[in-house]
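The values are calculated or read from the model by the stated rules, or taken from the named source; none is laboratory data. None of the values given here were measured: they were computed from a predicted structure. We place every Cβ from the backbone using ideal geometry, glycine too, and count neighbours over all the protein chains shown. Quick note on the areas: whole protein, heavy atoms, side chains included, nothing else; ligands and nucleic acids left out. Shrake-Rupley method; radii C 1.70, N 1.55, O 1.52, S 1.80 Å.
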Amino acid sequence: MKRKLNFNAGPAALPAEVLAQASEAILAYEKSGLSILEIPHRGKEYDAINDESRELVKELCGLNDDHEVLWLHGGGRLQFCMVPMNFMSQQDSAGYIVSGHWAEEAFEYATHYGNAQILATSREENFSRLPQWPVEISKELAYVHYTSNNTIYGTQLKNVPNCKVPLICDMSSDIFSIERDYSKYSMFYAVAQKNLGAAGATLAVVHKDMLQQVKRDLPPMLSYRAHAEKNSVLSTPPVYAVYISLLMLRWIKAKGISAIEKENVAKAKLLYDELERNSKFRLTVKRKQDRSMMNVCFTSRAKKDERSFIDYCTKRNITGIAGHRLAGAFRVSLYNGIPLANVKKLVQVMQEFEAL
Ligand code: PMP
């Protein structure tokens, strides 16, 4: 089967070697005599997958045993609930940086559990730039939550912001894409289906100090502490999704995050330079320093090209470039699994389209 060049925002393209290993495991998982879909979640095979994957996360993040690494269910939205449930009491306040749709949704979920406040927002500019990070942050806040990469609008905060209260970050769409000082976070989380594998597994990394300060009596499935105490096997975990994340983590380790970052910089530069130059398109994020290396958003100068460029790409085996309905005509996602060669091909197709 001829594979398409896939620029979807998530679930997203995975490296061919990861897909090959994942498919082998469906028929026979190592020497177990079983499919990965049949292994028990409390047996030695899954123990090894669970332990190695969580150790690899710590190693790639440069973290020691002060942090707990958890595999959870429920995607990003469940984290929007669990973060305030665990770390903000009904009387507490927590600060939210509202830089995009998912950041705003995280804020709205938090309003159910206490006094969630917007510290900064770029909503009025339709999130086409990052909001200014607040100069002063009240020490009274239980935590500050932000989204490092805004998947829908194509903006990204690449450095780790200064913050004197616990810092919590949704890294769903840029985890392991650039080097970061992960030790600065009290907590971060990421859905797997972009840079880290398949839908169904969500990674959460929590500093142990935070687990000591949980504010509510929660049912175990909603409590980070309960998941940590049970080594992420509180209920039946998404075994196959965690296994694919393990394959991705091994792949990331073999390449090295600094090499991955270099390639991501090169991919993004190639595409942004073309979009600056190409007379048929217009970038939606004007401030260069705000532009995401993971999701590149743009529109066509002529309305008629919105459909015709997508059709043109479809005929050339390129898929996943339609923009989110909230943002603009096109979005090209350049996650870790996408090789530079695919971006070169897309740029060539853009140039051919311009010359029509
Ligand atoms: N956060 C970010 C940054 C996202 O891009 C998304 C969308 N995949 C979510 C959270 C929501 O994730 P889910 O669909 O798994 O709830």
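Summary table
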{"quantity": "Filter pass, residue 234 being of a type in the set (A, V, I, L, M), more than 19 Å from the chain's Cα centre (by Cα), within 16 Å of the ligand (Cβ to nearest atom) and modelled with pLDDT of 95 or more", "calculated": "no"}
{"quantity": "Complete set of residues in segment 81-103 that are hydrophobic (A, V, I, L, M, F, W, C) and under 14 Å from the mean Cα position of the chain (by Cα)", "calculated": "102, 103"}
{"quantity": "Close pairs (8 angstrom Cβ cut-off, 6 or more residues apart or separate chains): within 16 Å of the ligand (Cβ to nearest atom) in segment 102-128, hydrophobic (A, V, I, L, M, F, W, C) and modelled with pLDDT under 95 anywhere", "calculated": "127/327"}
{"quantity": "Qualifying residue in segment 227-249 (condition: more than 30 Å from residue 20 (Cβ to Cβ), outside the structural domain of residue 42 (by TED's automatic domain parsing) and touching a residue at least 60 places away in the same chain (Cβ under 8 Å))", "calculated": "no"}
{"quantity": "Subset of segment 149-183 (residues that are near the ligand (Cβ under 10 Å from one of its atoms) and in contact (Cβ under 8 Å) with a residue 60 or more places away in the chain)", "calculated": "149, 150, 151, 152, 170, 172, 173, 174"}
{"quantity": "Where a residue in segment 28-44 is under 19 Å from residue 234 (Cβ atoms) and its partner, wherever it lies, is not aliphatic (A, V, I, L, M), with Cβ under 8 Å and at least six apart", "calculated": "39/29; 39/32; 39/45; 39/46; 40/46; 41/236; 41/237"}
{"quantity": "Of all residues making up segment 129-148, the number that are away from the ligand (no atom under 16 Å from the Cβ), touching a strand residue (DSSP E or B) at 6+ places or on another chain (Cβ under 8 Å) and over 20 Å from residue 90 (Cβ atoms)", "calculated": "5"}
{"quantity": "In segment 199-238, the residues that are open to solvent by 10 Å² or more (accessible area, probe 1.4 Å), polar (S, T, N, Q) and closer than 22 Å to residue 45 by Cβ", "calculated": "231, 235, 236"}
{"quantity": "Residue that is nearest to residue 35 (Cα to Cα) [pool: residues in segment 242-264 that are open to solvent by 10 Å² or more (accessible area, probe 1.4 Å) and of a type in the set (A, V, I, L, M, F, W, C)]", "calculated": "244"}
{"quantity": "Test set (1) open to solvent by 10 Å² or more (accessible area, probe 1.4 Å); (2) more than 12 Å from the ligand (Cβ to nearest atom) - residue 96 fails condition number", "calculated": "(1)"}
{"quantity": "Single match in 70, 78, 56 (criterion: within 16 Å of the ligand (Cβ to nearest atom), crowded, with 17+ Cβ neighbours inside 10 Å and in a helix (DSSP H, G or I))", "calculated": "78"}
{"quantity": "Scan of segment 18-42 for residues that are in a helix (DSSP H, G or I) and either open to solvent by 100 Å² or more (accessible area, probe 1.4 Å) or polar (S, T, N, Q) (or both), ordered by number", "calculated": "21, 23, 24, 27"}
